[in-house]
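Encoded as structure tokens, the structure appears first; notes follow it.
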């Protein structure tokens, strides 16, 4: 079984990398145009990867709460981060968005070149207060311009079923920008594990909260809401992970 998964994962990687090279290079021709135009071109690569991983590896997904998304008002997405999968999927689930990411990622050949076209908020995580101020300033600007902002409050990819420390940056941006906040949990790491080449077939469940009105909330209140939401869904994720492990033994 694992040999088949490995072969299918190789097929996925071939398609993912070859199309990344094409999109990142051709995408440079869109630099003179608006972010909207660049995004419309580059997000097709993300959609391709979603289709390709389904065809090659059998990784599907279903969304719970999509009807709660209000596309007419840009929102802040505070989401669980377990694999690369969600960076593709969110582009299919939510309206046009900008990601908060580590500045070093933009230096990666092809991948970084493509990401740079998507108007990210690239921060130096070692800059402390300066990085936080940049996040709040640029995040507010993106939201005011009608672009959604994606933040992974745990700061890094976490293993399936394990909750990381919730950083304060996303909550502070939420309280400063006064934009609606959507909390997102999922179990992508069960099928596309952190630091694993092999993708396992299965259906990823994505859970989206209703928009939170943070106007009267403090940053610590928002952080508590994030922790509660993620913890609640990690219980389900742990149950799924145990079932999947049992199937492979």
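No lab work stands behind these numbers, since they all come straight from the coordinates. Treat the numbers as computed from the prediction; the structure is a model and nothing was measured. For neighbour counting, all protein chains shown are included, and Cβ atoms are generated from backbone atoms with ideal geometry for every residue, glycine included.
So between residue 37 and residue 22, what do we pick up on full extension, going 0.36 nm a residue minus the alpha carbon distance?
Working: separation 15, 0.36 × 15 = 5.40 nm, distance 1.72 nm.
Extra length from residue 37 to residue 22 when fully extended: 3.7 nm.
Can you match Rg and Dmax of the Cα atoms in Å to one of these, (1) 19.1, 58; (2) 19.5, 63; (3) 17.8, 53, based on a calculation from the structure here? Derived directly from the coordinates: (3).
When DSSP beta bridges are restricted to pairs lying wholly in the chain, around 15% turn out antiparallel.
Protection proxy ranking of 63-74, 93-104, by the mean of other Cβ atoms within 10 Å over each peptide's residues and highest first, is 93-104, 63-74. For residue 2 and residue 231, a Förster radius of 25 Å and the Cβ-Cβ distance give a FRET efficiency of 0.20, rounded to the nearest 0.05. Given R0 = 41 Å, the distance between the Cβ atoms of residue 133 and residue 13 translates into a calculated FRET efficiency of 0.60.
Which length gain, in nm to one decimal place, applies between residue 111 and residue 198 when the Cα-Cα distance is subtracted from 0.36 nm times their residue separation?
Result: 29.3 nm gained on full extension.
Look at the alpha carbon pairs under 8 Å that are at least 6 residues apart: their mean separation over the length of the chain gives a relative contact order of 25 percent. From the alpha carbon centroid of the stretch 156-207 to that of the stretch 66-120 is 12 Å.
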